[in-house]
Amino acid sequence: MNTEIKEIAKVWPVVRDVFAVPRNNKQYKKLVSLLDSVTDEVGEDENHPLASLMETLGSLIESYESQHVPEFTGDPIQTLKSLMEEHRLKQADMKEIGSQGVVSEVLSGKRSLNSRQIKALSKRFAVSPAVFI
């Protein structure tokens, strides 16, 4: 075995669950949570030592989502309105977005959702962040 493979073999038992396509919803949620944490750490810094980990986790999650998560198509605001209606939520219930005034501006199309809001909405409704983009 070459040196590189030997080094990987040493750490593989610790990281193998991170570098596998999720096989069920529990593994998927765990990987999404890890990606959220890595994203918070890396931010917009493309030179951060964990930037490639963020990309890899995103690819693994995307692979799972393509097979198991229904895709919403259409207008993100209309999707949000539908999800709010489905869950019987009012503007005042949408603390993930902000104040009722901010929610109103988002729902009327005067303001776009930011990445923090998208992340929070994705978590609340258990949908891919892509539905709000």
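Any chance region 66-88 includes a residue that's crowded, with 16+ Cβ neighbours inside 10 Å and under 18 Å from residue 30 (Cα atoms)? There is at least one residue in region 66-88 that is crowded, with 16+ Cβ neighbours inside 10 Å and under 18 Å from residue 30 (Cα atoms).
The residue of region 30-52 that is surrounded by the most Cβ atoms within 10 Å (Cβ to Cβ), among those that are within 14 Å of residue 18 (Cβ to Cβ) and free of Cβ contacts under 8 Å to residues at least 24 places away in the same chain, is 38. Looking at region 79-92, is at least one residue of a type outside the set (Asp, Glu), free of Cβ contacts under 8 Å to residues at least 24 places away in the same chain and in contact with a helix residue (DSSP H, G or I) (Cβ under 7 Å, 6 or more places away or on another chain)? Yes; the residues of region 79-92 include at least one that is of a type outside the set (Asp, Glu), free of Cβ contacts under 8 Å to residues at least 24 places away in the same chain and in contact with a helix residue (DSSP H, G or I) (Cβ under 7 Å, 6 or more places away or on another chain). Condition check for residue 119 on (1) crowded, with 16+ Cβ neighbours inside 10 Å; (2) free of Cβ contacts under 8 Å to residues at least 60 places away in the same chain: one failure, at (2). Within region 98-116, track down each residue that is under 16 Å from the mean Cα position of the chain (by Cα) and surrounded by 14 or more Cβ atoms within 10 Å (Cβ to Cβ). Residue satisfying the conditions is 113 alone. State all residues of region 5-26 that are in contact (Cβ under 8 Å) with a residue 24 or more places away in the chain and in a helix (DSSP H, G or I); if no residue qualifies, say none. 25, the sole residue that qualifies.
Computed from the coordinates by the stated procedures, all read-outs in this text should not be read as laboratory data. All figures in this text were calculated on a predicted structure; none of them were measured in a lab. Neighbour counts run over all protein chains shown; Cβ positions are idealised from the backbone, glycine included.
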